[in-house]
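A quick write-up on the structure given underneath.
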Amino acid sequence: MSQREGNLEDDAQADTPISLLPHLEAKIRQTHSLAHLLSKYAEQLLEEYVQHQGDPFGLPGFSPPRLPVAGLSAPAAGHTGLSLPERLRLDAAALEALPALLDVVRRRQAELNPRAPRLLRCLEDAALQARALGAALDTVLAALGAAAPGPRPPPPAAAAAANSAAGVFSAKVLGLHVCSLYGEWVSRTEGDLGQLVPGGPA
Amino acid sequence: MPAGRPGPVAPSARRLPPLPLVLLLCVLGAPRGGSGAHTAVISPQDPTLLIGSSLQATCSVHGDPPGATAEGLYWTLNGRRLPPELSHLLNTSTLALALANLNGSRQQSGDNLVCHARDGSILAGSCLYVGLPPEKPFNISCWSRNMKDLTCRWTPGAHGETFLHTNYSLKYKLRWYGQDNTCEEYHTVGPHSCHIPKDLALFTPYEIWVEATNRLGSARSDVLTLDVLDVVTTDPPPDVHVSRVGGLEDQLSVRWVSPPALKDFLFQAKYQIRYRVEDSVDWKVVDDVSNQTSCRLAGLKPGTVYFVQVRCNPFGIYGSKKAGIWSEWSHPTAASTPRSERPGPGGGACEPRGGEPSSGPVRRELKQFLGWLKKHAYCSNLSFRLYDQWRAWMQKSHKTRNQDEGILPSGRRGAARGPAR
């Protein structure tokens, strides 16, 4: 753990009134538990999603091109090498971007799979869950004094339409990426918060 | 609520996806060669085809990385590699595919036709929609609950199997004027149903029809014309009470209340009662219960639990001449008929076993005989009590067997039961 990470909890203890420390601890545990729960839901979402897209989605070894998604990338390879506050801030930023992306996927799937209510509900729930986890993480960051200075840049807003239409296959692949990203970031958040949980891994 | 696609779509026509999705994709930028990103384009994109038709498709490789050719490319459809003889090189950068006699799409989101590089990586994809145009929906039936709403059901044409998502839209309008309206609450009583909750006119006919639409076309049902008052149903009668009729062992009295929502209009309402023995699945129906709110069931078995239900048909409401629609049955109400008189001490009350004479007519005849004896003979000690003691003595030999079988045939003690709730 970097010196900066080691100071994160010390700073929190120094700045936080004694009476609030148990509450902060409880909040961290609660948020960590939520992230753990959502990791499981994210796996279910992915399974539900691939089931409705048809083969080869869901087949072992299916590996479509990993196209970048606006406003969100997968956790970088060097993510674990960053300081804990920075990792948590990245987690929070990703969780803020995910709801809009999941909603886009849901609306597209409502056209492609209108008779898949469970899938549509899973996507809707995932957007709400990401928002809830993000809000909880923001609270933890603020309590720790580790929130990013100034407001976070908003996720990319809708702009003028592009000149090309996306085909259905591309839409299916994009939805797969978004669902995968949701799982990756929720899992990453769980791991990062785990380092804050008292008694958790250093 | 399913979002339906509009009418027939030409094979090469494409709809713009929603705005935010377009944004997501337009910032993807040009595919990056060497990164595994799409570097080819399949044409046509997302075609719609009839079952049994053919498809000619191409996979054209972009010039990135430089020198990329179509050599070694191959196709898969829904994850299965297509035989090489179905493909051929059109030119150095284009692989063509010919599919014939297509089957219906395996999933409603479209069959996945994918162009792969030699190493198996995905270069491009296109979704095929293979199916049938919808057939005419038919058999529309509608009913109104208490004149407040209208629910309609229909049967999809050709059993609904078109292999494509088919949207059904229930439309309605007042017969001689007014605009077309579209029902909005679907699947209320099954997959092909819709509910119109309010703002319905009475005493004037509606025209109702169903439109079925998918990527290959549309079809419209015949028009059903009806007046809401002719298709009224109501709630089951509430407060159904079933009680004994004094000591009469073969009768039960059934009372109920008119369904409150229409109680001021049910002058000609009809009711039906059905009842069954507790352990039976066979209902007996009493059909000729006209505009009454009570009925006496007769010819029942003594000492038997009966389940009773009542339903209502608001026939003739507001002068309607149509048959009306029966409500659902009320919740079952149970009651038991009185048992036959018990034998004396030492015996349980049993219904006669097979082979023994029925107690009913025998006891009646015996009663008459004892009455005659008392009048004409000096047998003042004779009484029903003596007869019952004799019966108990006769049944002593059956007592053990009854105990082994547990519950007595009537299953109950001799005390009279009040009406069930």
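Below are the figures for this structure:
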quantity	calculated
Residues of region B:195-235 satisfying the condition of being in contact with a strand residue (DSSP E or B) (Cβ under 8 Å, 6 or more places away or on another chain) and among the acidic types (Asp, Glu)	B:Glu207, B:Glu211, B:Asp222, B:Asp227, B:Asp235
Long-range neighbours under 6 Å by Cβ, at least six apart or interchain, first residue closer than 13 Å to A:Arg118 by Cβ and touching a residue at least 60 places away in the same chain (Cβ under 8 Å) within region A:37-49, second surrounded by 14 or more Cβ atoms within 10 Å (Cβ to Cβ) and of a type outside the set (D, E, K, R)	A:Leu45/A:Cys122; A:Leu45/A:Ala126; A:Leu45/A:Cys179; A:Glu48/A:Leu119; A:Glu48/A:Cys122; A:Tyr49/A:Cys179
Number of positions in region B:192-212 that are touching a Lys or Arg at 6+ places or on another chain (Cβ under 9 Å) and surrounded by fewer than 19 Cβ atoms within 10 Å (Cβ to Cβ)	6
Tally of residues being among the hydrophobic types (A, V, I, L, M, F, W, C) and within 14 Å of chain B (Cβ to nearest Cβ) across region A:33-56	1
Residue list for region A:59-86, restricted to those being within 9 Å of another protein chain (Cβ to nearest Cβ) and either touching a Gly at 6+ places or on another chain (Cβ under 9 Å) or over 19 Å from A:Leu181 (Cβ atoms) (or both)	A:Leu59, A:Gly61, A:Phe62, A:Ser63, A:Pro64, A:Pro65, A:Arg66, A:Pro68
Test: A:Val104 is β-branched (Val, Ile, Thr), surrounded by 18 or more Cβ atoms within 10 Å (Cβ to Cβ) and farther than 26 Å from B:Arg80 by Cβ	yes
Selection from region A:91-129 of residues that are without any contact (Cβ under 8 Å) to a residue 60 or more places away in the chain and under 10 Å from the mean Cα position of the chain (by Cα)	A:Ala93, A:Glu96, A:Ala97, A:Pro99, A:Ala127
Any hit, region A:131-150, residues being in contact with a Gly (Cβ under 6 Å, 6 or more places away or on another chain) and modelled with pLDDT under 95	no
Set B:Cys183, B:Cys152, B:Cys142, B:Cys194: member being over 21 Å from A:Arg115 (Cβ atoms) and in contact (Cβ under 8 Å) with a residue 24 or more places away in the chain	B:Cys142
Strands (runs of 3 or more DSSP E) fully within region B:213-258 counting 1 or more residues that are under 23 Å from the mean Cα position of the chain (by Cα)	B:224-226
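The values are calculated or read from the model by the stated rules, or taken from the named source; none is laboratory data. Computed from a predicted structure; not experimentally measured. All Cβ positions, even for glycine, are placed from backbone atoms using ideal geometry, and neighbour counts span all protein chains on display.
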